[in-house]
Every structure is written in C-alpha cells, then in structure tokens.
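Notes follow once the structure below has been shown.
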Amino acid sequence: MSTQKTATIIGSGLVGSLWAVYLAKAGYKVSTYDRRSDLRNVALSAGKSINLATSFRGWKALDKLGIGDAIREIAIPMYSRTIHALDGTISALPYGKENQAIYSVSRGEINAKLLEIAGKNENVDLHFDVDCTFADTKTGKFSLKNNKTGEETHHQTDLLFATDGAFSAVRYSGFQKLDRFSYSQNYIEDGYREILLPANEDGSHKLEKNSLHIWPRGRFMLIALPNFDGSFTCTLFMPFDNHEYCFNKLTDRTKVENFFKEVFPDFYDMMPNVADRWEEHPLSALALIRCYPWTNGKMALMGDAAHATVPFYGQGMNCGFEDCTVMYDLMQEHNENWPVIFKEYEKSRKPNCDAMQDLSLQNYLVMRDKVTDPTFKMIHKIEHRLSNLFPDSYIPLYSMVSFSNIEYKHALQKGNEQQDVIKGIIEEHNLNEETPFEKLDELIYQYFKHELA
Ligand SMILES: Cc1cc2nc3c(=O)[nH]c(=O)nc-3n(C[C@H](O)[C@H](O)[C@H](O)COP(=O)(O)OP(=O)(O)OC[C@H]3O[C@@H](n4cnc5c(N)ncnc54)[C@H](O)[C@@H]3O)c2cc1C
C-alpha cells in the first residue's frame, strides 16, 4: 500500500494551481478539482481575460518554486502610472525606484501556464469540469458533480484546501454553517467593464507600452494595461447608478459614444468604435468578502475563498500567492503538524489580509481622484526624494505593499503615518510644484534626518 501523503485542492485557479506545485514539492500526491474546463486546451487571446498586475509578493511565491522566469516570459513591466487628464495632458508618476515595476499579465495566460507547470509534475492530478457541491470540514468528506455527465461522486480526504474563489462552495457548504463562523460580503457601489483597445495597424501599442494608464475622473476612472500583441486591456470602473456618470445611464450606443467623447476624448480619438465594442464584455460587480476562521478540522480556505478584495491595489492574486509561501513556510517550521499549521496560518494571515482589503479600498480613492490632486502629487514627490536619500530607512506606502513583503498590516499603519507627517509639512510650509528642490531637501533633512539617518 502506498504511504505517500495525499492532499485535495478544490479550485485550480491562480492560487490552487500554484499551491498544487508547492504541495507536490513537499512530497504530497495532490488531486485538484475545478468546475471549469482545462484552460490549457483553450486558445487564449489578449482581451479574453482581465489583466493582472503582478508584484513582489507574487514573484516571491513563484521564484521560491523556480517558476518565476516562466511567468516573466508572459509579463510586461510597467514602471509608472501614466495619468491622462481631461484636457489631454499626460504625466507620469513612477511606481518606485528606477527599474522597479509591476507586471501586466493576462489572468487566463498565467493560470494556463501554472496549470501546465502543475500538470507536468507527476505528483499532481488535475481534474476539470467537476463542481464541488458539498464539503464537511470535520470528516474531510466532499462531493463532486461532473458537469458533463451529471454524475455525483463522494470522497474523503485527510487534507483539503479550498481555493475555489470568492464564492467558494467549500466555504459555503463546509464553513458558513459552523458555530461562530463570521462572514460578511459587501458589494461596493461600483462595477467594471472591460474594453479592448486594439493595436495600431503595424502591431505597435497606441500608448506607452511599459506603463499602467489611468484616466482619473473623480468618481470614476478608466485604466489600461498592456498586452504583447500591441493591444491594451482597459477597464472602466464606475458606479452602477445614482451618479451623473454611471453604468445604468449608458443604455444605448449613442449614450456610450457621447460619454467617451465627453469624459475620455483622447481615448475616443484612439478608439472611435468604442460604442460598437461596448457589449463585448459583461458589466461585473465588485465585492469584498471577510470571514473567520479560515481553517477547521481537515480543511483550509486560501486566496479569494478566504479574503476576496476589490482590485484597486492589484493585490488579490499577489496576496493569495503569499498565502502559499506562508503556509509552505509553516509546513517546514511545524514539521507538517497540520492542526498547528492551520492555527498559525489563520492567526498570522487574517490581520494582514484585512489590512490588504483596507488598502485596496483606500487605493481606489487614490487612483480615481487623488493622482490629480496637487497635495497627493507633492506627497509623492517628497516620498520619492526621501526614498532616494534614505533608501534603507524610508519606504513609501506603495513600495511597502508592491515592492516588499513587509506585512500588510505594518505597511498600512506605517505608510499612512508617514504620509500624514509629509502632508503636515506641505501644509505648514505651503509647498507646491514651484517649490525648489533645495528647499524640499532642507525640510526633509530638518524633519527626517534624525529619524532616518
Ligand atoms: C477586475 C479585476 C482586476 C484584478 N486585478 C488584479 C491585479 O492587478 N493584481 C492582483 O494581484 N489581483 C487582481 N485581481 C484579483 C485576482 O483576480 C484574484 O485575487 C485571484 O484570481 C484569486 O485567485 P484564486 O485562485 O483565489 O481564485 P480564482 O482565480 O477565482 O479561482 C477559483 C477557481 O475555483 C474554481 N471553482 C469555483 N467554484 C468551484 C466549485 N464549486 N468547484 C470546483 N471549482 C470551483 C473556479 O473555476 C476557478 O478556477 C483582480 C480581480 C478583478 C475582478
């Protein structure tokens, strides 16, 4: 009889497929089950799936397995945010120091690549077109329904990881009925719709390729992330209703066309047929899901199943990947004593993922509104200067979140404190775009020298 350790994963999306590779590395025979068909067999073209920004935490989790370079091949670095004002003015705000970038990658492509890597591992068995319909945390029993044949099968496992996304069936069936399980699901007022901005006729990009483009308009915004084929996957985030500009008012072709002409005229010039392409992607809602505990008996929630967030800090996947590194490190530390690992995992991750969700909400205001605000721009300028002068001791909030693995909870607290101090200096000394660099440096040394040197 085989004595190999076994584990089950429900959901082989981004986190599930990565976690399968981690468990296989630790010597487990892993079976994954996903309700979707096998993405590896689907021809993926740009614009068929949303684009994600991959940053430090994501790369760390991939590099730890030696698979980061395989993903880098399908990722485009974005070194700055390019801001498109209503009057057509363009400005760029670097994300970090020179060469620091976040990377645009298609969700479908990265998922297919991770499945390909997992599938090549002899310790991983991937199953598709099966829907998990039941899970019992205490006994490890779970049920699957084959989506093609309708057949239902019943199974039992010693270890089950639920990576079945924001609307997790394992969470619903196995966790939500447990005594003292806390759960909240909050939709924000805004939804999103994808739009594919095609390449120029010669295949080149219509906008700067190595940048994330933002058209901030106060209560709503359009963003664009580059693809390799010269196109950009764009996303319009906007309230569903009750605002001057909202999705529910864009009810016909003419209204869509007029909307773009009025609020994104430079985008309209690049894509005058935007109204014809409007229906190509559905209007989708955005929810934040918090719950606790994340583990019980033989089962654990990871990724969006534990902490789905709104996408404005580009951290959902990155954070889910970090769940994998944290869980894996705990496996080593506690010699695969799963009850202990589960407790430590949820205890350490929950406050950090709460902070990640708070950061995601906070950054929506930054992206759609504050990036054009003079005070925000000054804060950014001073933070940039501070991190150049004191690279080892001053790390701006964005960099803590996207270019480090400083715990999210510390990043949130420290980052906001730092920005408050700088805001105070700007107000006290009436600093603005015209303030000479020498004056800024003088103030920086005056306020920060002792703390940071
Ligand atoms: C518009 C948008 C933009 C985003 N941008 C970013 C970004 O820039 N950076 C970033 O880091 N994150 C981003 N995210 C978040 C990111 O997409 C998610 O955090 C990430 O996909 C979560 O991975 P997951 O594996 O936990 O869940 P998912 O990717 O949702 O995978 C869940 C898997 O489970 C399967 N499944 C579901 N139910 C069942 C069932 N009952 N039985 C079997 N299988 C099941 C699904 O088919 C799927 O394959 C964005 C999200 C959105 C919506």
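The values are calculated or read from the model by the stated rules, or taken from the named source; none is laboratory data. Note that the coordinates shown come from a computational prediction; the quantities given were computed from them, not determined experimentally. Ideal geometry is used to build each Cβ from the backbone, glycine not excepted, and the neighbour counts take in all protein chains shown. Please note that ligands, DNA and RNA were not included when accessible areas were found on the heavy atoms of the full protein model with its side chains. Shrake-Rupley method; radii C 1.70, N 1.55, O 1.52, S 1.80 Å.
Numbers for the structure displayed
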item	result
Sole residue being out of contact with any helix residue (DSSP H, G or I) (no Cβ under 7 Å at 6 or more places or on another chain) and either away from the ligand (no atom under 12 Å from the Cβ) or among the small types (Gly, Ala, Ser) (or both), chosen from Ile76, Ile83, Ile67	Ile76
Residue list for segment 355-406, filter: of a type in the set (Lys, Arg) and farther than 30 Å from Pro239 by Cβ	Lys381, Arg385
Failed item in (1) outside any helix (DSSP H, G or I); (2) open to solvent by less than 20 Å² (accessible area, probe 1.4 Å), with Asn352 passing the rest	(1)
Residue within segment 13-32 that is without any contact (Cβ under 8 Å) to a residue 40 or more places away in the chain, in a loop (DSSP other than H, G, I, E, B) and within 16 Å of the ligand (Cβ to nearest atom) present	no
Qualifying residue in segment 323-333 (condition: surrounded by 24 or more Cβ atoms within 10 Å (Cβ to Cβ) and on the phi < 0 side of the Ramachandran plot)	yes
Qualifying residue in segment 91-106 (condition: over 26 Å from Ile9 (Cα atoms), open to solvent by 30 Å² or more (accessible area, probe 1.4 Å), in contact with an Asp or Glu (Cβ under 9 Å, 6 or more places away or on another chain) and assigned to a loop (DSSP other than H, G, I, E, B))	no
Selection count where residues are assigned to a loop (DSSP other than H, G, I, E, B) and surrounded by fewer than 16 Cβ atoms within 10 Å (Cβ to Cβ), scope segment 420-453	7
Test result for Gln185, over 27 Å from Ile74 (Cα atoms), more than 13 Å from the ligand (Cβ to nearest atom), in contact with a Ser or Thr (Cβ under 8 Å, 6 or more places away or on another chain) and open to solvent by 10 Å² or more (accessible area, probe 1.4 Å)	no
Residues satisfying the stated conditions in segment 71-90, i.e. of a type in the set (S, T, N, Q) and either closer than 17 Å to Val401 by Cα or in a helix (DSSP H, G or I) (or both)	Ser80
Which numbered condition Lys298 fails, given (1) under 30 Å from Thr139 (Cβ atoms); (2) under 22 Å from the mean Cα position of the chain (by Cα); (3) among the basic types (Lys, Arg)	(2)
Residues being under 24 Å from Asn318 (Cα atoms) and open to solvent by less than 20 Å² (accessible area, probe 1.4 Å) - total across segment 367-382	1
Of all residues making up segment 93-135, the number that are within 15 Å of the ligand (Cβ to nearest atom), over 19 Å from the mean Cα position of the chain (by Cα) and free of Cβ contacts under 8 Å to residues at least 60 places away in the same chain	2
Among (1) exposed (fewer than 15 other Cβ atoms within 10 Å of the Cβ); (2) within 16 Å of the ligand (Cβ to nearest atom), the one test that Trp294 misses	(1)
Test: residue in segment 215-226 that is open to solvent by 30 Å² or more (accessible area, probe 1.4 Å) and not charged (D, E, K, R)	no
Test: Pro391 is in a loop (DSSP other than H, G, I, E, B), touching a residue at least 12 places away in the same chain (Cβ under 8 Å) and not hydrophobic (A, V, I, L, M, F, W, C)	yes
Pair list, Cβ < 8 Å and 6+ apart or interchain, from segment 409-422 residues that are over 25 Å from Glu322 (Cα atoms) to residues that are among the β-branched types (Val, Ile, Thr)	Gln419/Ile379; Ile422/Ile379; Ile422/Ile382
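The rows are residues; the columns are (1) part of a strand (DSSP E or B); (2) within 9 Å of the ligand (Cβ to nearest atom); (3) of a type in the set (Lys, Arg).
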position	(1), (2), (3)
Arg277	no, no, yes
Ala306	no, yes, no
Phe312	no, yes, no
Asn318	no, yes, no
Thr325	no, no, no
Asp329	no, no, no
